[in-house]
Amino acid sequence: MITVIKKGLVITMDDKRNEKIEKLDVVIENDTIIALEENYLGNYDKLIDATNKVIMPGLINCHTHLGMSIFRCTNDSLSLMDWLNKKIWPIENNMTDEDIYYTTLLSCIEMIKTGTTTSADHYFGKNTIDAVKNTKIREIFTRCLMDSDGNGDERINEFINLYEENKDKSPLITFSVSPHSLYTCSKDYLDKIQKLALKYNLPIHMHFSENLDEIETIKNTYNLKPAYVLDKLNLFENKLVLAHGVFIDDEEIELLKDKDISIVHNPISNLNLGCGFAPISKYIKNNINVCIGTDGQGSGNSLNMFEHIRYVDMLQKALFKDPTVINSYDVLKMATINGAKAFNLDDKIGSIEVGKKADMIILNLNNIEIYPVNDIISQIVHGISFNNVETTIINGDILMENQQLLLDIDENDLKNKIKKIVERLNI
Ligand SMILES: [Zn+2]
């Protein structure tokens, strides 16, 4: 099957081409990009005319909780700890696997419609993976691990079963090992997790340095700053993906900067929960890989990455009172290729290059509120909406074309199911 996308303005995010935007035909054979040419004259089975439209890699959401779609906008005026303890965790205890299947399905559709082609989950539920498979989205799957309630080993076994059963079943699904955080996992439990991740050669994806209460708890347990706890627990032997990283100080940056770590910046979630936000331009200056996450809809409001990336550079410019600390292209890198690097997927996705998997989106930037588009990259970062995402392609499969979802899923039926779940759980 050959698909040709003709005459689009291509932002490749390929280091070799840098920020250059070129008018190119993108040729896809099955799941792989086989050519980027000025005028492709070969055969094809499917043609998409992208004249005056932008083609770019699909966005990579490096930290989310797919099952949390039903908690959208539930954290108004609640601190992180109050929100988790009083609202989220008691309700999650009553969620069935079927509930989590449908809440995950909703999230996957939200991502396809808003231009995200890969996400890194941090949730649970044994049939959530079916929701991911049914929507054909690319996913870094996991089972969130914690032992603060005494059920830690059960969760590890659940993860091992999930991994062993699914590891070779789909090219779209890879895994991370995901302790919830340093403050909800004991030292011995983190030791087990560290060894498990090494054994399977998987990255560790965890919440890290999100708010000040958490740092105080960690200090009381270890008498160390969080980055030094990672060192003490041998976690630098692993590839680490640290979500949030709001309060990493200069001493910790010195320790982290040569390690195989990535920081996932979640600006809206951090702002909503009154945590502050991460000084990521400082991390970037120290060669730390920074990528972007939405967090779950409960704290992040939506999985629409375009909403979240809009905040990234403005927050840094305001924080450092310097408009030169970061630019729009840096932000697009964070939302694409840097996310792929974080999870060892940069040989497959994150940029539009010959030989890589065909994960890309087509944007139509012709609507009145962003007209005229003087600088495409700046406009994408500062002011487009999901209405601009016209077509979403994952692994060569066209999942949405001209804003029509091409999956065998009845959206109204799904909404009704979600409504019933929300009513039953009294959210
Ligand atoms: Zn989170």
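Summary of values
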read-out: Positions within segment 110-136 being assigned to a helix (DSSP H, G or I) and in contact with an Asp or Glu (Cβ under 7 Å, 6 or more places away or on another chain), in sequence order; value: Val132
read-out: Index of the failed condition, Glu210 passing every other in (1) surrounded by fewer than 23 Cβ atoms within 10 Å (Cβ to Cβ); (2) part of a loop (DSSP other than H, G, I, E, B); (3) of a type outside the set (Phe, Trp, Tyr); (4) within 16 Å of the ligand (Cβ to nearest atom); value: (1)
read-out: Unique match (being of a type in the set (Ser, Thr, Tyr), touching a Cys at 6+ places or on another chain (Cβ under 9 Å) and within 22 Å of Thr294 (Cβ to Cβ)) among Ser176, Ser209, Ser262, Ser181; value: Ser262
read-out: Selection count, segment 185-207, where residues are among the hydrophobic types (A, V, I, L, M, F, W, C) and within 16 Å of the ligand (Cβ to nearest atom); value: 3
read-out: Top-ranked residue in segment 33-59 [being under 29 Å from the mean Cα position of the chain (by Cα) and small (Gly, Ala, Ser); ranked as surrounded by the most Cβ atoms within 10 Å (Cβ to Cβ)]; value: Gly58
read-out: Qualifying residue in segment 262-275 (condition: over 17 Å from Leu80 (Cβ atoms) and not aromatic (Phe, Trp, Tyr)); value: yes
read-out: Segment 235-246, residues that are outside any strand (DSSP E or B) and either within 16 Å of the ligand (Cβ to nearest atom) or without any contact (Cβ under 8 Å) to a residue 40 or more places away in the chain (or both); value: Phe236, Gly245, Val246
read-out: Out of Ile28, Ile60, Ile33, sole residue that is in a strand (DSSP E or B), touching a residue at least 40 places away in the same chain (Cβ under 8 Å) and out of contact with any strand residue (DSSP E or B) (no Cβ under 6 Å at 6 or more places or on another chain); value: Ile33
read-out: Qualifying residue in segment 226-234 (condition: buried (at least 22 other Cβ atoms within 10 Å of the Cβ), assigned to a helix (DSSP H, G or I) and away from the ligand (no atom under 16 Å from the Cβ)); value: yes
read-out: Segment 205-217 residues that are assigned by TED's automatic domain parsing to the domain that holds Ala227, paired with ones that are within 10 Å of the ligand (Cβ to nearest atom) and part of a loop (DSSP other than H, G, I, E, B) (beta carbon under 6 Å, 6 or more apart); value: Met206/Ser181; His207/Ser181
read-out: Criterion: surrounded by fewer than 20 Cβ atoms within 10 Å (Cβ to Cβ), charged (D, E, K, R) and either under 20 Å from Gln379 (Cβ atoms) or in contact with a Pro (Cβ under 9 Å, 6 or more places away or on another chain) (or both) - qualifying residue of Glu22, Glu29; value: Glu22
read-out: Residues of segment 136-150 satisfying the condition of being at pLDDT below 95 and closer than 17 Å to His122 by Cβ; value: Ser148
read-out: Residue identified as closer than 29 Å to Leu399 by Cβ, surrounded by 21 or more Cβ atoms within 10 Å (Cβ to Cβ) and not polar (S, T, N, Q) among Glu164, Glu139; value: Glu139
read-out: Some residue of segment 159-171 being hydroxyl-bearing (Ser, Thr, Tyr), in the same structural domain as Thr221 (by TED's automatic domain parsing) and in contact with a helix residue (DSSP H, G or I) (Cβ under 7 Å, 6 or more places away or on another chain); value: yes
read-out: All positions within segment 1-30 that are in contact with a Ser or Thr (Cβ under 7 Å, 6 or more places away or on another chain) and of a type in the set (Asp, Glu); value: Asp14
read-out: Test: residue in segment 247-259 that is farther than 23 Å from Asn85 by Cβ, buried (at least 24 other Cβ atoms within 10 Å of the Cβ) and within 14 Å of the ligand (Cβ to nearest atom); value: no
read-out: Complete set of residues in segment 277-306 that are over 23 Å from Lys259 (Cβ atoms) and either small (Gly, Ala, Ser) or without any contact (Cβ under 8 Å) to a residue 40 or more places away in the chain (or both); value: Gly296, Gly298, Ser299, Gly300, Ser302
read-out: Residue check, Ile349 within 27 Å of Leu105 (Cα to Cα), among the aliphatic types (A, V, I, L, M) and not assigned by TED's automatic domain parsing to the domain that holds Ser281; value: yes
read-out: Matching residues in segment 290-346 - criterion: being among the polar types (S, T, N, Q), farther than 15 Å from Ile384 by Cα and more than 16 Å from the ligand (Cβ to nearest atom); value: Gln316, Thr324, Asn327, Thr336, Asn338, Asn344
read-out: Answer residue from segment 272-289, given it is within 15 Å of the ligand (Cβ to nearest atom) and modelled with pLDDT of 95 or more and is surrounded by the fewest Cβ atoms within 10 Å (Cβ to Cβ) among those; value: Phe277
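The values are calculated or read from the model by the stated rules, or taken from the named source; none is laboratory data. Just so it is clear, the model here is predicted, and its values are computed rather than measured. As a convention, Cβ positions derive from the backbone with ideal geometry for all residues, glycine included, and neighbour counts pool all protein chains shown.
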